[in-house]
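Structure first, then comments.
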Amino acid sequence: DTTAPVITSVTIPAYSLSTSATITNSVSHPAAAFEMRLYGDITAVSGGSVGVWKAYAVSQAITLSTGDGLKVVTAEFHDSALNTVSALVTTTLDTVRPVGTVSINNGAAYTNNALVTLGTATTDLDITAMDIKTSNLACSDGSRVYGTTYSNQVTYTLTGGEGSNAIYVCYQDRAGNK
């Protein structure tokens with residue numbers, strides 16, 4: 001037997017909120033009997049050990065190594081004749097919630113117009129969306145809708161009428177941290 005298994009796909013989500021992740025793959029071989037192993041920036045493989053050959057599975061739960069940043073995992077597959085193929089997959093572990101600030105009309109204490117400009121800033125470089133509300137809901141509250149694309153300047157209409165108005169902005173990054 002000189003025919004190696006054929007990899008159609010090996011995938012992992014591009015971003016992960018926690019060290020728990022799942023690799024899915026599609027691999028075929030005429031003999032239909034082959035094994036797989038996973039190793040790299042991982043500390044555990046469900047139903048097996050890191051770097052140890054085990055029966056092929058379409059979906060495999062893994063534990064990423066700790067520490068935010070890029071994680072690289074190698075998936076190898078071999079048949080009974082030890083014909084081997086491999087693929088590298090990457091994910092970015094991001095466990096940190098974004099933190100940001102907001103100012104109204106460049107920090108003005110008062111405005112005579114309900115249409116204001118919000119200046120936003122955050123330390124997270126991967127912000128993709130934000131939610132702006134006049135009520136102080138937790139950023140993880142299910143009623144929040146992260147439908148506004150992140151921008152460092154946003155036009156917003158105050159709805160509270162005359163008097164004090166408060167605005168609360170929550171940010172969401174690519175990994176889904178809120």
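Checking each residue in region 23-45 for being modelled with pLDDT of 95 or more, more than 17 Å from A55 (Cβ to Cβ) and open to solvent by 60 Å² or more (accessible area, probe 1.4 Å) picks out only T43. Which one is nearest to E35 (Cα to Cα), of the residues in region 90-102 that are open to solvent by 70 Å² or more (accessible area, probe 1.4 Å) and among the hydrophobic types (A, V, I, L, M, F, W, C)? Within region 90-102, the match that is nearest to E35 (Cα to Cα) is V96. For region 73-89, state whether one or more residues are open to solvent by 40 Å² or more (accessible area, probe 1.4 Å), at pLDDT 95 or above, out of contact with any helix residue (DSSP H, G or I) (no Cβ under 7 Å at 6 or more places or on another chain) and β-branched (V, I, T). No, region 73-89 contains no residue that is open to solvent by 40 Å² or more (accessible area, probe 1.4 Å), at pLDDT 95 or above, out of contact with any helix residue (DSSP H, G or I) (no Cβ under 7 Å at 6 or more places or on another chain) and β-branched (V, I, T). Among the numbered conditions (1) assigned to a strand (DSSP E or B); (2) touching a residue at least 60 places away in the same chain (Cβ under 8 Å), tell me where N177 comes up short. Failed condition: (1).
Taken residue by residue, region 159-168 has at least one member that is more than 30 Å from Y56 (Cα to Cα) and among the aliphatic types (A, V, I, L, M). For region 160-178, a tally of residues being closer than 27 Å to L93 by Cα, touching a Gly at 6+ places or on another chain (Cβ under 9 Å) and surrounded by fewer than 16 Cβ atoms within 10 Å (Cβ to Cβ) returns 0. With the structure loaded, tell me whether T111 is among the β-branched types (V, I, T), closer than 27 Å to S18 by Cα, more than 19 Å from the chain's Cα centre (by Cα) and open to solvent by 60 Å² or more (accessible area, probe 1.4 Å) or whether it fails that test. Judged against the criteria, T111 is not a match.
Listed by first and then second residue, the pairs linking a residue in region 103-114 that is in a helix (DSSP H, G or I) to a residue that is of a type in the set (A, V, I, L, M, F, W, C), with Cβ atoms under 7 Å apart and 6 or more places separating them unless they lie on different chains, are N105/V116. Cβ-Cβ below 6 Å, separation at least six or inter-chain, first residue in region 137-152 and farther than 16 Å from I167 by Cβ, second at pLDDT 80 or above: which pairs? If the second residue must be at pLDDT 80 or above, the pairs left are S140/K178.
Looking at region 145-159, which of the residues that are open to solvent by 50 Å² or more (accessible area, probe 1.4 Å) and not β-branched (V, I, T) is farthest from the chain's Cα centre (by Cα)? This residue is Q153.
Here G160 meets the list (1) part of a loop (DSSP other than H, G, I, E, B); (2) at pLDDT 90 or above almost entirely, failing just condition (2). Could you please find all residues in region 83-102 being under 25 Å from H29 (Cβ atoms) and in a loop (DSSP other than H, G, I, E, B)? Correct list: N83 only. The condition of being within 20 Å of L93 (Cβ to Cβ), of a type outside the set (S, T, N, Q) and in contact with a Phe, Trp or Tyr (Cβ under 6 Å, 6 or more places away or on another chain) holds for only one of V50, V27, V10, V45, that being V50. Taking region 18-32 as the range and being among the hydroxyl-bearing types (S, T, Y), over 30 Å from K178 (Cα atoms) and either without any contact (Cβ under 8 Å) to a residue 24 or more places away in the chain or in contact with a Leu (Cβ under 7 Å, 6 or more places away or on another chain) (or both) as the test, only S28 passes.
The values are calculated or read from the model by the stated rules, or taken from the named source; none is laboratory data. Worth saying up front: this structure is predicted, and the values here are computed from it rather than measured. Ideal geometry is used to build each Cβ from the backbone, glycine not excepted, and the neighbour counts take in all protein chains shown. Please note that ligands, DNA and RNA were not included when accessible areas were found on the heavy atoms of the full protein model with its side chains. Shrake-Rupley method; radii C 1.70, N 1.55, O 1.52, S 1.80 Å.
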